[in-house]
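Heads up: the structure comes next, in structure tokens.
Just so you know, all these numbers are worked out from the coordinates, no wet-lab data involved. The structure displayed is predicted, hence computed values, not measured ones. Positions of Cβ are backbone-derived with ideal geometry, glycine not excepted, and every protein chain shown enters the neighbour counts.
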Amino acid sequence: MIIVEQSAMLLSHTPDPEILLERAGRTCYKSEDRITAESAPKFVAMICQKNHESVLEHAMATIVFTTDRGITHELVRHRLCSYSQESTRFVNYYKKGEIRVVRPLALHTLAAEACWEMACEAAESYYNALLSEGCPPEVARDVLPTCTAADIVVTANFRQWKHIIKMRTAKAAHPKIRLLISMARDLLIDISPTVFKLTP
């Protein structure tokens, strides 16, 4: 069993997204003649302040997350994204060497941590036993815990990323998804600070 940390890594994004957003947005106002080498951030800030967010749908970003299966179940509820997720049906973790798990954030005592680790190790042992008995991975996976790690690639336009950030970093969101989507927000701020710096 390998304990892994949650992570987020940017795989791809629209090149020069704010330049594209300005060009698309100015079409609405027929003000393309006002485009300059420095005009994009100011224009994009204006459309964000006016909630003219349909313009943000022209720019895209793809992020690969490593998290647990419980959190991926929450993430895929956002309908306007494209997803490619590690499959427990087809991946044989015995052949991969070990299962990967993500530690809960609220294990406040050594006893709680030991209990969690023993449960994960037992699940891995029974998973391997089922495979040894001839069960395919799609059957053996039924004993894997919710904290089993999974990689998931998510592609969304900037409007949808803003929505995901707003929903999943809110105080009521699960602590793990708050942490994960905060990582995504930091990546997105690097490629489009005007769009994402003010996103909660």
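Assorted remarks:
- Recomputing log10 I(q)/I(0) by the Debye sum over Cα atoms at q = 0.08, 0.12, 0.18 Å⁻¹ from the coordinates shown identifies the correct label among (i) -0.30, -0.69, -1.41; (ii) -0.27, -0.60, -1.33; (iii) -0.36, -0.68, -1.15 as (iii).
- Per-residue ³J(HN,Hα) for segment 141-152, Karplus 6.51 cos²θ - 1.76 cosθ + 1.60, θ = phi - 60°, Hz, x for Gly and Pro: 4, 5, 9, 6, x, 4, 7, 4, 6, 8, 8, 9
- Three-way shape call for segment 137-200 based on the alpha-carbon gyration tensor, with the a/c threshold at 1.5: prolate
- For segment 1-68, the fraction of C-alpha pairs farther apart than 18 angstrom is 49 percent.
- Taking other C-beta atoms within 10 angstrom as a stand-in for reagent exposure, E38, E121 fall in the order E38, E121, fewest first.
- Segment 108-171 - convex hull of alpha carbons, volume per residue in Å³: 121 Å³
- With a cut-off of 9 Å between beta carbons, the residues surrounding Y93 carry a summed charge of +2, where Lys and Arg count +1 and Asp and Glu -1.
- Nonlocal Lys pairs with alpha-carbon distance under 19 Å, the chain (8 or more apart, or different chains): 14
- Net charge of Cβ neighbours under 10 Å - reference Q6; Lys, Arg +1; Asp, Glu -1: 0
- Sparsely packed loop sites in segment 1-37 (the GluC sites (Glu not before Pro) outside DSSP H, G, I, E and B with at most 12 other Cβ atoms within 10 Å) comprise E5.
- Ordering K95, K197 by the number of other Cβ atoms within 10 Å of each residue's own Cβ, fewest first, gives K95, K197.
- Near L130, once Lys and Arg are set to +1 and Asp and Glu to -1 for all other residues with Cβ below 13 Å from its Cβ, the sum equals -3.
- Largest GNM mean-square fluctuation across T88, T148, T62, computed for the chain with C-alpha springs under 10 Å, falls on T88.
- When each of Y29, Y127, Y93 is scored by the number of other beta-carbon atoms lying within 10 Å, the sequence from fewest to most is Y29, Y93, Y127.
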